[in-house]
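Structure first, commentary second.
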Protein chains: 2
Amino acid sequence: MSKKGNEHAVTPQSEDFSAWYNELVVRAELADRGPAKGTMVIRPYGYAIWELLQKELDTRIKATGHQNAYFPLFIPESYLTREADHVEGFAPELAVVTHAGGKKLEEALVVRPTSETIIGEMFSKWISSYRDLPLLINQWANVVRWELRPRLFLRTTEFLWHEVHTAHADEADAMRETMVGLATYVDVATNIAAMPVVSGEKTAGERFAGADKTFSIEGMMRDGRALQAGTSHYLGTSFAKAFDIQYADETGGRTLCHTASWGMSTRMIGGIIMTHGDDKGLVLPPRLAPYQVVIVPLGKAELLETTTAAAQQVAAELRAVGVRVHVDLRVNLSPGFKYNDWEMKGVPVRLEIGGRDLEAGVATMALRISEDGKLAVPLAELVAKIPVVLEDFQEFLLARATAFREEHTTPVDDWEAFVEAVTTGWALVLHCGRPECEDDIKEVTKATPRNVPLGGKAETGTCVRCGQPSAYGQRIIFGRAY
Amino acid sequence: MSKKGNEHAVTPQSEDFSAWYNELVVRAELADRGPAKGTMVIRPYGYAIWELLQKELDTRIKATGHQNAYFPLFIPESYLTREADHVEGFAPELAVVTHAGGKKLEEALVVRPTSETIIGEMFSKWISSYRDLPLLINQWANVVRWELRPRLFLRTTEFLWHEVHTAHADEADAMRETMVGLATYVDVATNIAAMPVVSGEKTAGERFAGADKTFSIEGMMRDGRALQAGTSHYLGTSFAKAFDIQYADETGGRTLCHTASWGMSTRMIGGIIMTHGDDKGLVLPPRLAPYQVVIVPLGKAELLETTTAAAQQVAAELRAVGVRVHVDLRVNLSPGFKYNDWEMKGVPVRLEIGGRDLEAGVATMALRISEDGKLAVPLAELVAKIPVVLEDFQEFLLARATAFREEHTTPVDDWEAFVEAVTTGWALVLHCGRPECEDDIKEVTKATPRNVPLGGKAETGTCVRCGQPSAYGQRIIFGRAY
């Protein structure tokens, strides 16, 4: 698409983080707003990130014994009402099909906001004996939740996700599955997205509608706010009761299944943008970068032909060792424009190849973030060096984000310190666990309980807000959230 | 899932082809009916076939320069009406969201039946100059078309597909793209699905709503009926006009783009079932078989442990050379039951490993279709032999289906022969090209013009039905169709 010189400038993060995000998503060509309210067009560059993330998730989902399947988009309205908490939670967000094929429907159809109900209905047909358990199913799909304050990737009326749904013989096996989901998300967030996360259990007020227990991973964005980037739910027997999911045990007795579900969505892309991005634009972790390396051949006329040929050869060599490379062959654009463009798009490594580089037998390498400036790298060493540079950059991003989160996470014991802490990050506090107290804290500070971190140190005392005895037996995280 | 002995029996094809199909889809666990009318649940075994087909298509779509993206499910109702033919064609099939977020919407939203309109709207924003062309986009998505007579895979209210949408500077480039789409489908149908197809142009009455030209691939099912398995459209400037898709040419003048689109869906799975299946069940082409080889270890107690260990080792060796293998470890099921089960599921190759096999150092190999019966294959030769057997079986299926189609395709010149020909297959005829005459033929025989085959021999004369001068300059195919 055509560009003008100042199109790379976005509002600095420090000035207005929200404006920075909104501008960047569109200018880096990740996504556009769709015509219907709250909908999103995911452009090729954004979709390529999603495909890389999908592949990482899909591999792990299959490796842990889940099989992909596909369930209908349209759910009879009556299904939602079978699980009381579920319908209460989702009713305000539903999109409803009332007419189809030129007629009014006898029963309205809900566009799936999540698929526990319709998958529960099918599970009840498929499961008859203990031999059918556990039943481990995953679906890649679009879902719709009507959003009043939509933001690209973070809260859109329609989003893409995967949703795992499973049925088990007992609570222990369903809880084991719930933790498999959570561990998968910790792995993908940390090792693929370079996004350090805290995994833990949600408080009662923040549970998924219909769940007995909800676990989440929470990442800290560069404005100090939290992003819930994936959730895993132990659903007890609620959906099994609502949809009659029963099995015959070894003695022939009929027993309700325990079910679980977990999901991660295109929201994760918003998390990657806000975990790593800076005033120049995106910064993509190499494992999710559509282009890990961009090569810009320099010069004019005959020289450009020579540098382009050299760039193509380097590209071919790097591709042969599995590096995702793009050679920027656009004409009528200055090198400076191209550098800004790829920096805005977050490409980890840029190689410039000019006449002097070729004379010296090198390429000039610039990392997206570096304190060392540009480096001359002998052409013959690129194939060995670039994969290492990419690995190092991946690790650097994770370490930087982890340090940022630690700097902005404060254990606090009094209310004034709490109010201060949640303006720039997270507060680690003792809390009474009462929903009314959570509501009060949210009212005053906009901060909400993010989760009760797994493996937190045992500690008791009094609630940071109300002074009543603390719950959970440990500190929990409060922060403002997306 | 638990099984009983006679669950493998399906109505024979010769007795009732339609019943055979409907029973087989459910019993082979490819798909189930969803709760809302005409919707489909694609079960893991069916979805695995779809994933293999997706991968083949996606690779080819990307290799020809297209980029994946994602556009919204919901399209403002007014968009559809901007292209008169398009809305006329799709209006009767639309599902409409009238309420969302607890309120009636100001403008109703259509659930996409196809995405020309919403993608056209975005193309008009993204395209400004000739440098932006061609713009080559692909989407993997679900679409909804309300069906009055739904059948699993063949006609479902919601189906999964890919849809390529492209914009070009002129007709020649858009037509070139249209033929890239068609060639991709011929390649995938023939070389991956082992489904011989005739590619050609649709007659005016059978065009996609809004297209200038529509091309299709048509396969012949084993009941002699045609299945349109993929279509590619040259859309002229209709959608460019409706959505203002213009570009500045090199002199700065504003010019309308020419657009094209092509799509292939989960319907293709129905085509595979009906091209290769027989009275025992599915027959899957190896390139789309989730399990290319199933190994059944035989014996009881200690012997079973030994044969299972041997089966696992063979499986590991075959996986190492890229063969998709499953070892059937189910207990309490007889060997005969397992053989019938995998035959019904269309697995190309079954290996049985029993005590005598191990003593002789062999596995007993049975092909899903073979005149040679079972063969003893030395264990040490399996890794070399199985890939060849699979390739041969793939070729055999294509040759068999091609021969079947040729036997059931008849050039006819008089009406009585036409009526006879379309009861068991296709008629190759001269036709006047008048829509009224097409309608008349359909009324009397249920046969419709499938397409005007590319590369057909030049021939003129009079219409097989009405005696008026023939159109197209060649014979065209008529047949009953799904």
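Some observations on this one:
- Enumeration of residues in segment A:462-480 that are farther than 12 Å from A:Pro449 by Cβ and not in a strand (DSSP E or B): A:Cys466, A:Gly467, A:Gln468, A:Ser470, A:Gly473
- Looking only at segment B:15-43, and only at residues there that are part of a helix (DSSP H, G or I) and surrounded by 20 or more Cβ atoms within 10 Å (Cβ to Cβ), the one that is farthest from the other protein chains (Cβ to nearest Cβ): B:Trp20
- Residue among A:Glu352, A:Glu343, A:Glu381 that alone is at pLDDT 95 or above and open to solvent by 70 Å² or more (accessible area, probe 1.4 Å): A:Glu381
- Only one of the numbered conditions (1) within 7 Å of chain B (Cβ to nearest Cβ); (2) in contact (Cβ under 8 Å) with a residue 12 or more places away in the chain is not met by A:Arg60, and that is (1).
- Matching residues, segment A:331-344, being on the phi < 0 side of the Ramachandran plot and out of contact with any helix residue (DSSP H, G or I) (no Cβ under 7 Å at 6 or more places or on another chain): A:Val331, A:Leu333, A:Ser334, A:Pro335, A:Gly336, A:Lys338, A:Tyr339, A:Trp342, A:Glu343
- If you go through segment A:143-159 and keep only what is closer than 24 Å to A:Thr178 by Cβ and not basic (Lys, Arg), you end up with A:Val143, A:Phe159.
- Filtering segment A:192-210 for residues that are assigned by TED's automatic domain parsing to the domain that holds A:Met40, more than 23 Å from A:Arg480 (Cα to Cα) and over 17 Å from the mean Cα position of the chain (by Cα) leaves a non-empty set.
- Taken over segment A:301-319, the criterion of being closer than 16 Å to A:Ser334 by Cβ and either touching a Cys at 6+ places or on another chain (Cβ under 8 Å) or touching a residue at least 24 places away in the same chain (Cβ under 8 Å) (or both) is satisfied by A:Leu303, A:Thr307.
- Verdict on B:Thr402 being out of contact with any Pro (no Cβ under 7 Å at 6 or more places or on another chain), on the phi < 0 side of the Ramachandran plot and not assigned by TED's automatic domain parsing to the domain that holds B:Met220: no
- Residue under evaluation A:Ala183, criteria (1) part of a helix (DSSP H, G or I); (2) touching a Lys or Arg at 6+ places or on another chain (Cβ under 9 Å); (3) open to solvent by 10 Å² or more (accessible area, probe 1.4 Å), criterion not met: (2)
- Helices (runs of 4 or more DSSP H) fully within segment B:60-132 counting 3 or more residues that are open to solvent by less than 10 Å² (accessible area, probe 1.4 Å): B:116-126
- Of everything in segment B:463-480 that is small (Gly, Ala, Ser) and within 18 Å of B:Val444 (Cα to Cα), the residue that is most open to solvent (accessible area, probe 1.4 Å) is B:Gly467.
- Of the residues making up segment A:384-423, those that are within 24 Å of the chain's Cα centre (by Cα), open to solvent by less than 60 Å² (accessible area, probe 1.4 Å) and under 30 Å from A:Ala310 (Cβ atoms) are A:Leu390, A:Phe393, A:Gln394, A:Leu397.
- Residue satisfying condition, being within 23 Å of B:Trp426 (Cβ to Cβ), in contact with a helix residue (DSSP H, G or I) (Cβ under 9 Å, 6 or more places away or on another chain), at pLDDT below 95 and crowded, with 21+ Cβ neighbours inside 10 Å, within set B:Phe208, B:Phe215: B:Phe208
- Close pairs from segment B:412-428: first within 13 Å of B:Met220 (Cα to Cα), partner assigned to a helix (DSSP H, G or I), Cβ under 6 Å, at least 6 apart: B:Val422/B:Thr445; B:Ala427/B:Phe418; B:Ala427/B:Ala421
- Just one of (1) in a helix (DSSP H, G or I); (2) open to solvent by 60 Å² or more (accessible area, probe 1.4 Å); (3) out of contact with any helix residue (DSSP H, G or I) (no Cβ under 7 Å at 6 or more places or on another chain) fails for A:Asp372. It is (1).
- Looking only at segment B:44-57, and only at residues there that are farther than 10 Å from A:Tyr70 by Cα and in contact with a helix residue (DSSP H, G or I) (Cβ under 8 Å, 6 or more places away or on another chain), the one that is farthest from the other protein chains (Cβ to nearest Cβ): B:Glu56
- Filter result (among the hydrophobic types (A, V, I, L, M, F, W, C), surrounded by 20 or more Cβ atoms within 10 Å (Cβ to Cβ) and either free of Cβ contacts under 8 Å to residues at least 60 places away in the same chain or not in a helix (DSSP H, G or I) (or both)) within segment A:166-180: A:Ala167
- Taken together, the residues in segment A:146-178 that are over 15 Å from the mean Cα position of the chain (by Cα) and more than 9 Å from chain B (Cβ to nearest Cβ) amount to 17.
- Residue tally, condition free of Cβ contacts under 8 Å to residues at least 24 places away in the same chain, of a type in the set (A, V, I, L, M, F, W, C) and more than 7 Å from chain A (Cβ to nearest Cβ), over segment B:92-115: 1
- Selection from segment A:131-145 of residues that are facing chain B (nearest Cβ under 10 Å) and over 25 Å from A:Gly270 (Cα atoms): A:Arg131, A:Asp132, A:Leu135, A:Leu136, A:Ile137
- Failed condition for B:Val327, given (1) open to solvent by less than 50 Å² (accessible area, probe 1.4 Å); (2) within 30 Å of B:Phe404 (Cα to Cα); (3) touching a strand residue (DSSP E or B) at 6+ places or on another chain (Cβ under 7 Å): (2)
- Exactly one residue out of B:Gly271, B:Gly299 is buried (at least 18 other Cβ atoms within 10 Å of the Cβ) and outside any loop (DSSP other than H, G, I, E, B): that is B:Gly271.
- Among the residues of segment A:187-218, the ones that are in a strand (DSSP E or B) and free of Cβ contacts under 8 Å to residues at least 60 places away in the same chain come to 4 in all.
The values are calculated or read from the model by the stated rules, or taken from the named source; none is laboratory data. Source: prediction; values computed, not measured. Here the Cβ is made from the backbone with ideal geometry for all residues, glycine too, and neighbour counts use every protein chain on show. Accessible surface areas use protein heavy atoms only, side chains included; no ligands, DNA or RNA. Shrake-Rupley method; radii C 1.70, N 1.55, O 1.52, S 1.80 Å.
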